[in-house]
Structure formats: structure tokens, C-alpha cells
Amino acid sequence: MKNLVATIPKIALKGIRFDFPTNKGPLPVLESIDLSANEGEFISLIGPSGCGKSTLLNVIAGLQDPTSGYISFDGQPAPRRLGRVAYMPQKDLLMPWRTVLDNTILGLEIQGVSRQVARDRALALFDLFGLRSFENAYPATLSGGMRQRAAFLRTVLTDREVMLLDEPFGALDALTRSSMQEWLIHLWDSLRKTILFITHDVDEAVLLSDRVYVLTARPARIKLVQEIDLPRPREYGMVTSDRFVRLKKLLLSAIREEARRATEDDGFGAWGL
Ligand SMILES: Nc1ncnc2c1ncn2[C@@H]1O[C@H](COP(=O)(O)OP(=O)(O)OP(=O)(O)O)[C@@H](O)[C@H]1O
Ligand SMILES: [Mg+2]
């Protein structure tokens, strides 16, 4: 049931604009982005390739500052945001010379937690993340799904109230992907973090989210904000329900329109639609 008292969003973006400086002048990437996420909400962002999704997460994380606009955390302006959110970037960025265990504790080590304490904390979650018995393996010997789970465990261990996940299942085959989605639903049910999640997969966005933001082709603006009023707990079997299909159609038609625009503008298909 929705809380009737006005809630202060965990994260709010107001009028965010971001231009990349290039040698041909500023390249507008984000324009007039208004977005908010309440505590414990799961929000997905979808939009054509190259539209500015990863840039938006970089701005929220504090790796880039917006050209204009405001970002607040818990209702307070947040000009310094580095270290306040857990961030899983688009590439898993595992260090090849560190074992899986020592890769997962990287964020904790950077925060100054002793290696032994950090390892104990990580090991307690290895089972849940399907990584048991790979503690001392090196990243090169893992499957793509395991690498992503290791990168995700590292993000979860940084233990922030907000998690930014940039296509965490992007490189997975359909079967692994669907089991990872179910696994993430259960994990989120128990952790109750606020999650901003980038995906190209509409089924994934509908299945996981409370709300989906569809972005336009670059410069990214908000094209559509769609509440996902499916009951929770969610399970994979819902993808064939009438409600699910109705929501999927709405999102797909918005995406198709933008993909066409991106194709016309850039000469390539963003989603291959
Ligand atoms: N350092 C940079 N300098 C200049 N332009 C950049 C830089 N990084 C990214 N861009 C441009 O900004 C735009 C947005 O990039 P971004 O990586 O945010 O897109 P995206 O939506 O995440 O794409 P994808 O779905 O392929 O991951 C792209 O046109 C890209 O070329
Ligand atoms: Mg990206």
C-alpha cells in the first residue's frame, strides 16, 4: 500500500543537463532530466544505445558533475556524491591479478576495512551469490555470469542504501539471464535497497521494476515514465500475464519510436528492431 504521507525521495534529479566537452565543442548528452527514486524502489532506465544512460549513472555517482540542474539525496542537495552510492559500472572491471574473493572486497578495502574483516564479510555471501568454491579462483577462469555476480557482490558489499547497476546482466545468455533476474528479485526483497538499473531488455525492466523511465535518443530526455503495477513478489512466470504484456507493449512502442529516430539520426539501429 502506498504511503499517504508525502515521502522525501531517496534520490531526486531536477533539470539535469550534461554536455561532454569535445574538440568540436560541447556535446549535449543529457537534457532536462527529472527523475526520482523513493527509498527501497527499483527503477529501470531504458533508451537507445549511446543515448546517455551510463553518463547519467556517472553523474548520479558523482564521477561527473552536471552542466546544470540539481541532485538531492534524502531531500538535501548533494554536490559531493562520490562514495555515497554503490556503483556497478557497465564493464565488470575485475582485476585479473586478484582472486575472486579479493576482487569482491575491493570496495571495503578502499573504505579502510581490514582485509580479514572484509574477507569474512564477503565469504558469508559467497553461497547466496552462487560463487562458493571459487573464492581463490582468478577472474579469467570464471564464466561471464560468475564474473557479473562477483562484480555485483562487490557492489552489494559496499553497503550503501542506493545501488546503481549498469546492465549487470548484459552479457548473459537467455537462460542464465532469467535465473539471475529471479535471483536479483529475491536479493532485492531481502536487502530493500534503492536501485537504479540500466537495461536494454524490456521484459527484464517490467519484471524487476516499480517504475521504468524510457529515455530518448541522444541527448537523452525523459520520453516516458511508466509505473509497473504488477503484484509482488514477482516471478518469471508473470511474463505471459495480460498485465505484463500490456505494459511491455506500452514500453516497446515508446522504444521503437526512439530507435527509429536514433536510426535516422545516426544511421544504425539502437535495438536492432
Ligand atoms: N568521455 C567522453 N567524451 C565525449 N563523449 C563521450 C564520452 N563518453 C561518452 N561519450 C558520448 O556520450 C554519449 C552517451 O554515452 P553513454 O555511454 O552514456 O551511452 P549509453 O546510453 O550508456 O550507451 P550504451 O547503451 O551503448 O551503453 C555517446 O554518444 C558517447 O559517444
Ligand atoms: Mg552504457
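Values quoted throughout were computed directly from the atomic coordinates according to the rules given, and no laboratory measurement underlies them. None of these values were measured; they are calculated from a predicted model. Note: ideal-geometry Cβ built from the backbone for every residue, glycine included; neighbour counts use all protein chains shown.
Before moving on, here are some points about what is shown:
- Under the simplified labelling scheme, the residue 74-residue 186 pair shows an inter-label distance of 3.2 nm, with each label point 7 Å from Cα along Cα→Cβ.
- Taking the C-alpha atoms of the range 124-222, convex hull volume expressed per residue in Å³: 126 Å³
- Pairwise Cα distances in the range 91-159 exceed 19 Å for 19 percent of all pairs.
- Rounded tilt (10° steps) of 144-157 against the dominant C-alpha axis of the chain: 90 degrees
- The distance between label points at residue 110 and residue 128 comes to 2.1 nm (points 7 Å beyond Cα on the Cα→Cβ vector).
- Calculated SAXS-style log₁₀ I(q)/I(0) at q = 0.08, 0.15, 0.16 Å⁻¹ - the chain, Debye, Cα scatterers: -0.34, -1.21, -1.35
- The antiparallel fraction among DSSP beta bridges confined to the chain stands at about 55%.
- Label point of residue 20 set 7 angstrom out along Cα-Cβ; within the range 77-118, amide nitrogens under 18 Å from it belong to 89-91.
- Positive minus negative residues near residue 11 (Lys, Arg vs Asp, Glu; Cβ under 14 Å): +1
- Relative packing of 17-25, 71-79, 117-125, which averages over residues the other C-beta atoms within 10 Å, highest first: 117-125, 71-79, 17-25
- Compared with the dominant Cα axis of the chain, that is its longest principal axis, helix 242-266 is turned about 70°.
- Acute angle (nearest 10 degrees) that the helix 174-191 long axis makes with the longest principal axis of the chain, alpha-carbon atoms: 80 degrees
- For residue 42, the amide hydrogen comes within under 5 Å of the amide hydrogens of 195, 210, 211, counting only partners 5 or more places away or on other chains and with H modelled in the peptide plane.
- Extended-chain gain in nm, criterion 0.36 nm per residue less alpha-carbon gap, residue 235 and residue 159: 24.8 nm
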